[in-house]
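The values are calculated or read from the model by the stated rules, or taken from the named source; none is laboratory data. Values in this document were obtained by computation on a predicted structure and should not be read as measured data. Positions of Cβ are backbone-derived with ideal geometry, glycine not excepted, and every protein chain shown enters the neighbour counts. Calculation scope for accessible area: heavy atoms of the full protein, side chains included, ligands and nucleic acids excluded. Shrake-Rupley method; radii C 1.70, N 1.55, O 1.52, S 1.80 Å.
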Amino acid sequence: MQLINQVENLWDLYKEKKYEVIIRELENKNFNELSDNLKELYFLTTLELDSNVKVIATNGIFKELLSAMNDFKNHNFLYAANKLAKWLLNKGFYTDLIIERFFYSAKESQQYSLIIKVCEHFLNKKYIQPFFIKEMFYAYFNLKQYDDALRIFEFYREMFDENDLQMVAIILMKLRKFKEAERILLGVYKKITGKDYQNNYEKYEEYYKYKYKELKEKFLNNKIQDDKELTEYAMSCLFSGDYRTALQLFTELKNKLEKVA
């Protein structure tokens, strides 16, 4: 019982990222006499402290997690993603750090189906958090399952913010729901400028159609001045029915924003 309590206490410290405390708890003990569970918690801790301690073979309850986190440290993201997914799907011991490492590894190794599986697991357990919703949304997008991505957005709309709306508009355009995409993008415009478009939709539509020819000529002659003007051109393309160009431009603009972030 004492050993179980010690493992649970150290795990709680690990969840709270109190790594130095864990080291102090264990450093005065004879390492060879420690249980495998405690050894694994020690090694998990040293990985977070960038220690050069060599991880030795163990057979405790954290064995699989230790292997996964070691793979992550060594940038073996495909192995880390699969092992962390298995851990999250089957074990009761998890932390925000483990979840973050899983998502990072899965995206680096393009394991989008695995992301969806893990997200569904937590949602089924009623662990509904914005990061699970958004990770699943973007995983569906990367798998080109646009209907499913849109379904997630519509069901959990309150968990998305203006930074996600441009992607939603891109999905709507890919699904050929152009009028809906127009209104989403005008909503983004409102958040940026503070100008309400809802009572002036026809005015904005007329404005962007009018600007289309001028901005297209500037674009073709590489005279677009900045991203603000490029956004204007993208909106003009959208309202003028040049959906392919609009989609390309909004995707380009979104990628630029992601690089800045």
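Overview of results
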| read-out | value |
| --- | --- |
| Proximal charge balance of Gln145 [Cβ under 13 Å; K/R count +1, D/E count -1] | +1 |
| Relative contact order of the chain, pairs being alpha-carbon contacts under 8 Å that are 6 or more residues apart, as % | 9 |
| Ratio of the Cα radius of gyration of the stretch 1-69 to 2.2 N^0.38 Å, where N counts its residues | 1.00 |
| The stretch 27-165: projected area of the alpha-carbon convex hull, averaged over directions, in nm² | 9.6 |
| Surface accessible to a 1.4 Å probe, per residue, for the residues of the stretch 201-253, Å² | 63 |
| Within the accessible area of the chain (1.4 Å probe), percent carbon and sulfur | 46 |
| Label assignment, Rg and Dmax of the Cα atoms in Å derived from the structure, set (1) 33.2, 109; (2) 24.6, 79; (3) 19.6, 62 | (2) |
| Two-site FRET efficiency, Lys213 against Tyr243, from Cβ-Cβ distance with R₀ of 30 Å, rounded to 0.05 | 0.95 |
| Residue-level accessible surface for Arg157, protein heavy atoms, 1.4 Å, Å² | 120 |
